[in-house]
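Here's the structure, in structure tokens; my notes come after.
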Amino acid sequence: MPNIIDTGTDKLIASIDGAIGRIIFNKPDKHNAVCMQMWKALGSTIEYFGNNDSIRVIILSGSGERSFVSGADISEFDQSRSTNEDVTKYDEIAEGATQKIYESSKPTLAMIQGYCIGGGLGIAVACDIRIASENSTFAIPAAKLGLGYRSRNLERVINLVGPSFASEILITARRFNVKEAAVMGLVNRVIKTSELRSYCENYANIIASNAPMTIFAARTAVREIKNDRGKDTQDYLDDLVNKCFSSN
């Protein structure tokens, strides 16, 4: 049986099942839109999983069959983003949680079904791998809502799909189906909806069976090279590789 982790809210469910850490966005009545309480719990849970040696891979998913994450819960904006100071604080917490996913010491897999919108897309893009069902839909609707999209999240989208597709996503603000997302490189795999869960479980077990030090070295190198810091961190990256060769 999975070991349930106390996240401080029933809106974000976390558990450990063998070598797999699971995070479920659990607000299906609002398509799993993320509120402040969930952003805080997400950041702390990623940290907890990162410090747990038994965990080899993290799966992030949404509750129900209609949504991964439909974005931020805008119903709380009047309260949580009413002043410039509130906006700054909110963005620091939300962006901080997403950045913790991106910088996680453990590989991350987004299991996407249904809506993957706005902040939800930001969460998915921060993961190492995105596996989506045939009914998945993707968008960044900021231009329709008159909201800004922070540069750190934008950078990850550009790195993943390139500037041309990133511009199309942002300036049209329209919804893209999963076939379009696959063409852009937004998702790694498109799976039948009925097979999505089992496929992701099998994929996670494949990752979990591999050498964690090698995975960490490879993921770090990919991130540093992608961000054009490879030359500056060459000694560190070489040290990670040497530790792999000298390990048991």
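Quick look at the values:
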item: Equivalent ellipsoid dimensions for region 33-153 as semi-axes, Å, which come from the Cα gyration tensor, largest first; result: 23, 19, 12
item: Net lengthening on full extension, D235/T220 (0.36 nm per residue, minus Cα-Cα); result: 4.1 nm
item: Share of alpha-carbon pairs per 5 Å distance bin for region 21-82, given as whole %; result: 4, 18, 23, 21, 17, 11, 4, 2, 0
item: Label-point separation, K192 to V87 (7 Å along Cα→Cβ), nm; result: 4.8 nm
item: Extension gain (nm, one decimal) between D29 and L147, 0.36 nm per residue minus Cα-Cα; result: 40.1 nm
item: Accessible-area composition of region 163-228, carbon plus sulfur, in percent [1.4 Å probe]; result: 57 percent
item: Average Cα contact separation per residue, region 4-122, under 8 Å, 6 or more apart, as relative contact order %; result: 31 percent
item: More than 14 angstrom apart: percent of Cα pairs within region 93-144; result: 52 percent
item: Quotient of Cα Rg and 2.2 N^0.38 Å for region 185-248, N being how many residues it contains; result: 1.47
item: Rg/Rh (Cα only; Kirkwood hydrodynamic radius) as it applies to region 52-107; result: 1.08
item: ³J(HN,Hα), Karplus 6.51/-1.76/1.60, whole Hz, each residue of region 49-56, x for Gly, Pro; result: 5, x, 8, 9, 5, 6, 8, 10
item: Relative contact order %, the chain, counting alpha carbon pairs below 8 Å whose residues are six or more apart; result: 16 percent
item: ³J(HN,Hα) computed for each position of region 68-75 - Karplus, 6.51 cos²θ - 1.76 cosθ + 1.60, integer Hz, glycine/proline x; result: 7, 8, 8, x, 6, 7, 6, 5
item: Stretchable slack from Q79 to D17, in nm (0.36 nm times residue separation minus alpha-carbon distance); result: 18.6 nm
item: Estimated Rh, region 142-218: Kirkwood, alpha-carbon pairs, angstrom; result: 15.1 Å
item: Mean-position separation - Cα centroids, region 107-180 and region 207-229, in angstrom; result: 22 Å
item: Solvent exposure ordering (accessible area, 1.4 Å, most first) of Y48, Y149; result: Y48, Y149
item: Per principal axis, descending, Cα span of region 106-248 in whole Å; result: 52, 38, 21
item: At most 13 other Cβ within 10 Å, DSSP loop - trypsin sites (Lys or Arg not before Pro), region 209-248; result: R229, K231
item: Within the chain, percent of DSSP bridges classed antiparallel, to nearest 5; result: 30 percent
item: Distance histogram in 10 Å bins (all Cα pairs of the chain, percent per bin); result: 7, 31, 37, 20, 4, 0
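The values are calculated or read from the model by the stated rules, or taken from the named source; none is laboratory data. These numbers were taken from a predicted model, which means no experiment stands behind them. Using ideal geometry, Cβ is built from the backbone for each residue, glycine included, and neighbour counts are taken over all protein chains shown. These accessible areas exclude ligands, DNA and RNA; they are computed on the full protein's heavy atoms, side chains included. Shrake-Rupley method; radii C 1.70, N 1.55, O 1.52, S 1.80 Å.
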